[in-house]
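One structure below.
Derivation of every value follows stated rules applied to the coordinates shown; laboratory data play no part. It should be emphasised that the depicted structure is a prediction, and the values quoted were computed from it without experimental measurement.
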Amino acid sequence: MRIGALAELAPAPGRVVVLRPTAECQAAADAAPISPGAPSFLQADHLNAYRAKVGSGGVHRAWTGTAGEFSVAFSAPAYVEALTTFVRRHEGLRTWFDLSGETPVRHLVPAEAIAFEAVEVEAPSDWSGGWQDLLVSLWDEQCRPDSWTPFLLGAIVREDGFSYFWGCDHAFTDGASQLMVPAELGAAYAAALGAPAQELPEADSFVAYAAGEQQLAAQCDAETPAVREWADIVSRHDGRLPRFPVSLGLAEGETAPVRIRRWTALEGEAVDALESLCRAAGGRFTSGVFALLAHAEQRLTGASDYLGITVLGTRSPQTTMSHGWFCNFAPVSMPLGETFAETVVGAEKAFGVARELARTPVHVPLGAMVAGGILAPTELASPQMVSYLDVRKFPGAGTTPFDTGLHFTGEGRTANASLWVNRFEDRFELATQSPDTEQGGRSVATFFAAVHDVLAGLGLSVRPVDAEAIIGTGHAGHDR
């Protein structure tokens, strides 16, 4: 599995088939009963952003997906059966929201009503210049939260196999959910063909998860320990949330089209060597990641302490393979040690605190800090986020759909350069969704170079940073 820009997919040409609801299914979806209760907090944020984007006449491109290869023959009936099985398992994928009023109203399509049909669409005459535009246009049309279906599965069919492509509106999925699509789709397709298939665990309700989140939030106030810890951390950092440590060249409130910039820092034995250093210091690879980012930031800003906001999974054993926003944000705050090893120890403690804080929906402490004057509302606009994933641990690793897969996001606009830090079977890499401007590229290249120097200072064999390739601008898929 790769994590990067859709342009990296580069599928071979073929017939293009998409799966759409049957007329009967669509009618049932349009008339789906109301599912009581509020959306999750992160869903609500997404729905508000969608309203604002549509209201301003902008292009909604907050979808995300995966694509890759199947090395077996394409069977339209089996593909339809696979998607039907997949969607029936997940309440989140059977959901749409009525946004005509002030409060979002969730509708839930009955599992027994789910049915799809395969429809061939016209392939571009110039494949190399048109495949990406076609897929983006299909997802732009389909992937929205206020109608069903908010996702689209398709296939590029050839004699020797086919490429799958899946996109889903972000209101109904997180990154971990997307990385599990190849395993679930692959297992369902194999079963539909009558072949041996991996048995998947049950997928518990996202609607119940959202309700539990609301109940927990209602029990919290400014004196709740998690809220006080958040407030202490932010107060120690002058009431500020993290920003990218190098200026991106944008004015306050300005955005630019997204460019995904990626750098493979370590490969092969060098990745294992970094883990050995972390464990020898008394930490894990995860704490080493944050120690690495902290020392890189110190090289650029001179800061003696570090504050990052990370994305943490909130899945239980019952929701291991459920689809939805099963994640939360939490601060990682620690002083830097004299050495990398010392900072790893501090990062290990800080990450433990972050895991505890992630039990409380982030909107609770953020709201309390704004109400208490600790945090200015403007700080909430576009804070710097860090996501770390060990992709080796996802179901489906080792299968063709997963190993040939690409996880991507729609490329809208951004004011920041949040980080995706990922460990794969054979490499360790950093990626950003950053402004597609020359200054944005130079800033990202500068930060990657600082990370490079920290790793090199540890005696590791580090891949060089190709600044020209990182700075390069302009490509398909932008929201202009």
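Quick notes on this structure:
- Dividing the radius of gyration of the alpha carbons in the range 9-96 by their Kirkwood radius gives 1.02 for Rg/Rh.
- Amide H contacts under 5 Å for residue 158, placed H, 5+ residues apart: 163
- Taking the C-alpha atoms only, the angle from helix 340-357 to the longest principal axis of the chain is near 50 degrees.
- Distance from the Cα centroid of the range 234-313 to that of the range 22-87 is 32 Å (rounded to whole angstrom).
- Distance histogram in 5 Å bins (all Cα pairs of the range 363-457, percent per bin): 3, 10, 15, 17, 15, 15, 14, 8, 3, 1, 0
- 3J(HN,Hα) along the range 386-399: 10, 10, 10, 10, 9, 5, 4, 8, 7, x, x, 4, x, 9 Hz, from the Karplus curve 6.51 cos²θ - 1.76 cosθ + 1.60 with θ = phi - 60°, whole Hz, x for Gly and Pro.
- Size of the range 99-148 as Cα extents on the principal axes (Å, biggest first): 44, 29, 11
- With all pairs of separate Cα atoms included, the range 268-408 yields a Kirkwood hydrodynamic radius of 17.1 Å.
- Taking one quarter of the surface of the convex hull spanned by the alpha-carbon atoms of the range 2-208 gives a direction-averaged projected area of 12.0 nm².
- Amide hydrogen proximity for residue 327: with H placed 1.01 Å from N in the peptide plane, the residues at 5 or more positions away or on another chain lying under 5 Å are 314.
- Inverse mean reciprocal Cα-Cα distance (Kirkwood Rh) of the range 114-217, Å: 16.4 Å
- Karplus (6.51, -1.76, 1.60) ³J(HN,Hα), θ = phi - 60°, over the range 465-472, in Hz, Gly and Pro reported as x: 8, 8, 4, 4, 5, 6, 6, x
- Under the Karplus curve 6.51 cos²θ - 1.76 cosθ + 1.60, θ = phi - 60°, whole-Hz ³J(HN,Hα) for the range 366-379, x wherever Gly or Pro sits: 4, x, 5, 5, 5, 5, x, x, 6, 10, 6, x, 5, 5
- Distance between the range 157-173 and the range 450-469 - C-alpha centres, whole angstrom: 34 Å
- In the chain, helices alone account for a calculated mean residue ellipticity at 222 nm of -11500 deg cm²/dmol, with every DSSP H run of four or more residues adding -39,500 (n - 2.57).
- Using only the C-alpha atoms, the convex hull of the chain corresponds to 148 Å³ per residue.
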